[in-house]
Every structure is written in structure tokens, then in C-alpha cells.
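Written below as C-alpha cells is the structure these notes are about.
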Amino acid sequence: VFKIGDAKDVWDKRDRATEVIFTSVEKFQRSKSNGLSKRRPKQGSANMIDSDKTRSRMAKRERILTNLQLSSLPGIATFTDRAVIGMLKTFAGIHRDETLRKRWRDDIRLTYGVGSFHVEMIFGMNAGWAVEGAVGSDYKIDATYLSPHVNMASRMMSATRQYKVTILFSQAIEELMSDQARAKLRHIDTVTVKGSSVQQRIFTYDARHEGVDFFLFNRPDEQADMDSEMYSANIWNTDQDLRQMRQHISAEFEDEFILGRNAYLAGNWDAAFRHLEKADEIMVETIIESGYLGSSGNGDESDVEDDSQSELGDGPSKALMAYIKREGLRDRGRLVAPKAWGGYRPLTSK
């Protein structure tokens, strides 16, 4: 969807990244091998010692790879930016595609017995290592990827439903992006996810398709390839798709949400609720006054969704307010955070 770069550039960066990752591991293995050759154990204990040394080497290598700072890899900011843009362009493409928007919606094979049908996608992103392996049977084999970092990406995707957003990024992704890209992200909460005790900030890129004519911003594949090859971080300020999908975000809303989020994390829940409620109201007013209610793509008014199906307002603000009302205590008419509040909350769903 959005090319990472031309072939030579990709291979050069891969070679440099490989050198950064594995040079320290190889040096460690050589030093251990030399040390073992100097110390000859007794025959009876040789197998046991060799087994212990092997486990030690494997544990050391795992620690090296686990502690590797991805930010040290050459070209990682551009690589991460492009990965995120690829997902956002996919979001725009879904709501630009005539077949997905209209033909599938009216296809009786999909709508019979269930009413209106439309295609949506949600995205979760995390950064880290993974082990690739084959799974399946003699009839069909697929590649699968296993690691705690893959699990975290899955948790991010699942959490989009709680916050009513299209895409969620882990803190690891945000830290790798360019400054121009990070300026467009919104820190919506600080959490721990199921199966992990690590506190981390989570982010979204505010993407809304209602009221956006993505059809108008369609480009030939040749033009898209050319824009990709001329990539610069300024694309976050100039690309029409990226700008229009967050046209409902105003500076007033951002300021109010930040006040509410910071008060919520600090445990000042009464003030947090007021600011978040105000932020939600600002977004509703912006959407209504600017006409971002529902028409999208090619000016087809039949795409306008019923307000009951398309919630107005801000999903993260509503999610934080719901949590405050559910978990908060009442003290003389004020909402108070629990005494054990530590500035983060657990996400219990997978």
C-alpha cells in the first residue's frame, strides 16, 4: 500500500541492521568458545557442563536481543512512519473503493437477514522481535509469528473497540516515529495489558471517514509510487488523505482533552471528568457545524448513516469518563480516584 523504499535501499538498511543486531552476539559466542577450549572438564561431568554452558549462551543471546534498542537501527523512523501510513492508507482505500462501499453493501448474499452490510477494519501496532514458524498440515501451511511483541499488537487491536477508535499504537511504536508523525498522534491512556505488568502509554491517529470524500483524493498507481519514492516526513502535513481523515480534530478539542487526560492520570478525577465531557461536546459541535455527519465518497447521499448507527463525539473521552464513573468514589459530591490509583489502568480484554 505504501512502499518502504526501492530494493537497493531496503537491502542496504537490512545489511546494516543485521550488523547492529548480530555483531555483539557473535563476539559473545566467540569469546565463550575460546574460554571453553582453555578449560577441559573431567570426562564424567562434560555433558552436564556443556548443557549448562549452552543454556547460559542462549539466555545471554536472548537478553542481548531483548534489550536491543530498535531506535539504534538505521532508517527506523522512516520505516515506522511508512508502516503507519500503510495502515492509514488502507483505511482511506476501504472508504474510497466503489466495490466495498456500494456493491457489497447492496449484495443480497451479504445483507439477507442482517440488513445493511459495510466493511470496516481496525488496526493495532507494536514494535519488537518475533519468531517466524510454519503451522498447518500437509494440505495447507501458513507462516505464523510468535513473541510477546506480537501479542501486544493483538492487544492493541482489541482495545480499539473499547476506545471506539480505528487504530491504536503502543508506546514502542510512538517512540520510533519521526517528530512530524508523533505530533499527529494522541496519547489517550496509560495502561497495562492482559498478560503483562508493564505500564505504557497508548496512542491513536484520529481517523474518521464520515464526511470525507476520499474519492476526490484518488491517484493513479504510478503517481502513488512516485510520491512514495519522494517520501519525506512532511507528508503528515501535506497528504490529503491523512489531513482529511482527522479534519474533525480542532485545537480547542485537543487542549481540552489533554487537560482531562492529565487530570485523570494524576488522580484528579472530578476535574478530569469535566474536561473530558467538554472535549466530547466540542467534537460533537465541530462535526455537526462543519457537516461531517455522514456523507462520504463521490457525494452519494445514500452513504449517510443514521445517527443511531454512527456515534458522534470522541471515543477515548467517553471511554475514560465511563471508567471514572465506574471506578471512582463519591466524596461530598465529587468524583475521587481510588486510593490505590497509580496513574494507569489494566486492560482486561484480549
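The values are calculated or read from the model by the stated rules, or taken from the named source; none is laboratory data. Worth saying up front: this structure is predicted, and the values here are computed from it rather than measured. Cβ coordinates were reconstructed from backbone atoms using ideal geometry, including for glycine residues, and neighbour counts include every protein chain displayed. Just the protein is used for accessible areas: all its heavy atoms, side chains included, with ligands, DNA and RNA removed. Shrake-Rupley method; radii C 1.70, N 1.55, O 1.52, S 1.80 Å.
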* Structure fact -> Placing each pseudo-label 7 Å from Cα in the direction of the beta carbon, V119 and Y323 end up separated by a distance in nanometres of 3.3 nm
* Provide the descending list of Cα extents for the range 175-302 along its principal axes, expressed in whole angstroms. => 51, 36, 28
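For the range 191-243, what number results from the quotient of the Cα radius of gyration and 2.2 N^0.38 Å? All intermediate terms of the calculation are to be shown ahead of the outcome.
Numbers: Rg = 16.9 Å, N = 53, 2.2 N^0.38 = 9.9 Å.
Taking the Cα Rg and dividing by 2.2 N^0.38 Å, one obtains 1.70.
How much area per residue is accessible in the range 59-183 when the probe is 1.4 Å and only protein heavy atoms are counted (Å²)?
Working: 7110 Å² over 125 residues.
The answer is 57 Å² per residue.
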* To do: Please sort 134-144, 266-276, 118-128 by packing, taking for each peptide the average over its residues of neighbouring beta carbons within 10 angstrom, highest first.
  => 266-276, 118-128, 134-144
* Asked: Are any of the pairs K140/K164; K194/K318; K89/K194; K194/K339; K194/K325; K140/K184 more than 32 Å apart by Cα-Cα distance, and if so, which?
  -> K140/K164; K140/K184
* To do: Take the alpha-carbon centre of the range 160-200, take the same for the range 208-269, and report the distance between them in whole Å.
  => 15 Å
* Asked: How long is the gain from S154 to R330 if the chain were fully straight, where each residue apart is worth 0.36 nm and the alpha carbon distance is subtracted?
  -> 59.8 nm
